[in-house]
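Single-structure report; data block below.
The values are calculated or read from the model by the stated rules, or taken from the named source; none is laboratory data. What you are looking at is a predicted structure, and each value in this text was computed from that prediction instead of being measured. Reconstructed Cβ throughout: ideal geometry from the backbone, glycine too, with neighbour counts over all protein chains shown.
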Amino acid sequence: MSGLSEPQSTGLWRIAALANPSAFMRLSGKFLPWLAALTAILFAAGLTMAFRAPPDYQQGETVRIMFIHVPAAWLSMACYSLIAISSAGYLIWRHPLADVSAKAAAPIGATFTLLALITGSLWGKPMWGAYWVWDARLTSVLILFFLYLGLIALRQAIDEPGRAGRAAAILSLIGAVNIPIIKFSVNWWNTLHQPASVIRAGGPTIHPALLMPLLVMAIAFTVLFIALHMKAMRAEILRRRCEAMIAIHVRGDGRQAQPDGTAVSHV
Amino acid sequence: MNAFLALIGRDLRLAIRQGSAVGTALGFYLVAVSIIPLGLGPDLNLLSRIAPGILWISFLLSAVLSVDALFQEDRDDGSLDALFIGPLPAELIAASKSLAHWVTTCLPLIVITPLAGLLLNIEPASLPKLLAALLAGTAGISFVAGAGAALTLGLRKGALLLPLLILPLFTPFLIFGVGAMAASPGAFEQSILLLFALSVFSVAAMPFAAALALRLGLE
């Protein structure tokens, strides 16, 4: 790491300063209440707009499911991208905060993916006549959900946190490389196996009256995700500090845990 | 290169002289194929229609379950540590293991596939297509599974975890493998080319992931 701290690489220095766990704890502690308040306001506005939006001429009232479904689906993918970026950061720079970020994001992403699947199938019942059809998008989101489950399961199967983090990072990069291929193959499969028996409702463009609530809800979900992720990262950092303190206490030597938690992170 | 070939030769000799792992994979494949008609009923028309799908799925399951032991024995008796000290980079060690898995498990499974297809009343005309698709795609399967085996090396729940990690990644192989059987013109050529592309990509990329995971596992 000493190679990064050359005087000319001030940009990297700044990022490194932000990535310090105690700096993160301080900053995120300041931001989190504001983020939570912003989330509440955006959701209040978005949900009000969603319920006051006119029903779709084709889909009727069920179109309101879209205001939950589409942001959840978008976040399910954004969250996996975040995990992949964090994992790459962890594998390359071994930065503990990147691992904390990847670990904290996985259950949140899995939850959003599940939410997208459930709302999708609830929407599918009135639209397609079945809770589940092997539509290309549904199928690829389902596989994304399995990838999330695999990530969480792999992390849980390894006791030692440092090893678990790197194994999960490798797996999430394998998944990130494969997701576009899976998506392409599922699209190909669907067009091959499914002739135009299921006619997708919904016009070519979304009417502005429906688009505005959707955008507000998408922003609300995104801010909610950032808040949840920040909170989960804080919890994870605190958990690691606790573990390190317990370990030092059990060992019984006089060494102090560093207050910024750096001794904790390199387990 | 010599070390690479020697390592493959060693794995092949081990597989031939021990024999049990290959036999188990073959047995699993046949049991998996023959248990499905018991659940679906003996309708030969139905079976012959879904035979390619059943064969591919059984094939993937056999490959995943047999790959679990890919690095296990070498790790347990210490030869994996010895290999890592040797001149061969970790990526090539992982690649040779995956290649040995393809030769010792996937090839015998492909050889036995006509027999399994017979059980399912597969159309004789589609059998060569199926074998070609298996030959094109299974190299990639061995390499993806090799990365998964390296990741779960030495874990308590590894045997159960591995299919959860790896089977979603097999989606493209399964789709194009069964797609090669489609009646539409050009579907076969297109699927075979895509399977080749998948295999080439996996052979090129997966050893790096496997090597990272192996280094982690040996720490």
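Residue by residue, here is whether (1) out of contact with any strand residue (DSSP E or B) (no Cβ under 6 Å at 6 or more places or on another chain); (2) within 11 Å of chain A (Cβ to nearest Cβ); (3) surrounded by 19 or more Cβ atoms within 10 Å (Cβ to Cβ); (4) β-branched (Val, Ile, Thr) holds:
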position: B:ASN121; (1), (2), (3), (4): yes, no, no, no
position: B:LEU135; (1), (2), (3), (4): yes, no, no, no
position: B:ALA145; (1), (2), (3), (4): yes, no, yes, no
position: B:ALA149; (1), (2), (3), (4): yes, no, yes, no
position: B:ARG156; (1), (2), (3), (4): yes, yes, no, no
position: B:THR171; (1), (2), (3), (4): yes, yes, yes, yes
position: B:VAL178; (1), (2), (3), (4): yes, yes, yes, yes
*asked:* Among the residues that make up the range A:216-239, is at least one of them at pLDDT below 90, within 29 Å of the chain's Cα centre (by Cα), assigned to a helix (DSSP H, G or I) and more than 21 Å from A:LEU38 (Cα to Cα)?
replied: no
*In the range B:83-129, which residues are acidic (Asp, Glu) and farther than 18 Å from B:ALA3 by Cβ?*
B:GLU123
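Table: residues versus (1) without any contact (Cβ under 8 Å) to a residue 60 or more places away in the chain; (2) of a type in the set (S, T, N, Q).
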| site | (1), (2) |
| --- | --- |
| B:ASP11 | no, no |
| B:ALA15 | no, no |
| B:VAL22 | no, no |
| B:PHE28 | yes, no |
| B:VAL31 | yes, no |
| B:SER34 | no, yes |
| B:LEU40 | yes, no |
| B:ASP43 | yes, no |
| B:LEU47 | no, no |
*Taking the range A:170-182 as the region of interest, how many residues are under 18 Å from A:LEU149 (Cβ atoms) and more than 9 Å from every other protein chain (Cβ to nearest Cβ)?*
3
*Just need a number here: residues in the range A:155-185 that are among the β-branched types (Val, Ile, Thr), without any contact (Cβ under 8 Å) to a residue 12 or more places away in the chain and surrounded by 21 or more Cβ atoms within 10 Å (Cβ to Cβ).*
2
*For the subset of the range A:143-154 comprising residues that are surrounded by 21 or more Cβ atoms within 10 Å (Cβ to Cβ) and more than 7 Å from every other protein chain (Cβ to nearest Cβ), which member is nearest to A:ALA73 (Cα to Cα)?*
A:LEU144
*For the range B:180-219, enumerate the residues that are facing another protein chain (nearest Cβ under 10 Å), more than 17 Å from B:ALA149 (Cα to Cα) and touching a residue at least 12 places away in the same chain (Cβ under 8 Å).*
B:SER191, B:LEU194, B:LEU198, B:PHE201
_Can you tell me how many residues within the range B:1-34 are of a type in the set (Gly, Ala, Ser) and loosely packed, with under 11 Cβ neighbours inside 10 Å?_
1
_Lone unmet requirement of (1) more than 11 Å from the chain's Cα centre (by Cα); (2) closer than 19 Å to A:ALA220 by Cα for A:THR111_ = (1)
*Before we move on, is A:ALA78 over 28 Å from A:TRP189 (Cα atoms), at pLDDT 90 or above and more than 14 Å from chain B (Cβ to nearest Cβ)?*
no
_If I filter the range B:28-47 for residues that are assigned to a helix (DSSP H, G or I) and of a type in the set (D, E, K, R), do I get at least one hit?_
no
*In the set B:ILE57, B:ILE110, B:ILE122, which member is farther than 24 Å from B:ARG215 by Cβ and not in a helix (DSSP H, G or I)?*
B:ILE122
*Which residues, counting only those in the range A:158-167, are at pLDDT below 90, within 7 Å of another protein chain (Cβ to nearest Cβ) and part of a helix (DSSP H, G or I)?*
A:ARG163
*Kindly indicate whether any position in the range B:179-186 is part of a helix (DSSP H, G or I) and within 20 Å of A:ALA169 (Cβ to Cβ).*
no
*What is the number of the single condition among (1) more than 14 Å from chain A (Cβ to nearest Cβ); (2) in contact (Cβ under 8 Å) with a residue 40 or more places away in the chain that B:VAL111 does not meet?*
(2)
*In the range B:82-90, is there at least one residue being without any contact (Cβ under 8 Å) to a residue 40 or more places away in the chain and of a type outside the set (Gly, Ala, Ser)?*
yes
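Listed here are the residues, each with its yes/no results for (1) at pLDDT 90 or above; (2) among the charged types (D, E, K, R).
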| residue | (1), (2) |
| --- | --- |
| B:ILE54 | yes, no |
| B:SER66 | no, no |
| B:GLU73 | no, yes |
| B:SER79 | no, no |
| B:ALA82 | no, no |
| B:CYS106 | yes, no |
| B:PRO124 | no, no |
| B:ALA136 | yes, no |
| B:ILE141 | yes, no |
